[in-house]
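*Asks:* First the structure, then my questions, so here it is.
Values quoted throughout were computed directly from the atomic coordinates according to the rules given, and no laboratory measurement underlies them. All values derive from a computational prediction rather than experimental measurement. In this analysis, Cβ positions are derived from the backbone assuming ideal geometry, glycine residues included, and neighbour counts consider all displayed protein chains.
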Amino acid sequence: MIKEQTIEQELKEGRDLINQVKDFLMLKGEAVILDEWLTVKRYCERFGIKDTQVVTNWIKRGIIPPENVKEVEELNGLRLIKAVPYRD
């Protein structure tokens, strides 16, 4: 009986750890919390922006600060944007 409880406990801890890891992306040694970063398309959906080009222009013009933009080269240069509003 003790052995079964120990195995179940270990399995539960393992599942909990897997769920925690799923919420993080390691990018150049830095943990990126996926709830805090969005693709350009998802950013537009969340904040009600009709055209992704608007956000791309914000990035180019510095409205979205460089520290709030990450490019993931391993995913074909996918851009992630910190999920905060940049314009009213």
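*Asks:* Considering amide H positions built from the backbone, and no H for Pro or chain starts, which residues 5 or more places from I64, or on another chain, come under 5 Å of its amide H?
*Replies:* Amide H neighbours of I64: I59.
*Asks:* Here's another thing I want to ask about it. What is the log10 of I(q)/I(0) for the range 48-87, computed with the Debye formula using one identical point scatterer on each Cα and no solvent, at q = 0.17, 0.18 Å⁻¹?
*Replies:* Rounded to two decimals, the profile gives -0.45, -0.50.
*Asks:* Further question: Net charge near I81, counting Lys/Arg +1 and Asp/Glu -1 over other residues with Cβ under 9 Å of its Cβ?
*Replies:* Here the charged neighbours net out to +4.
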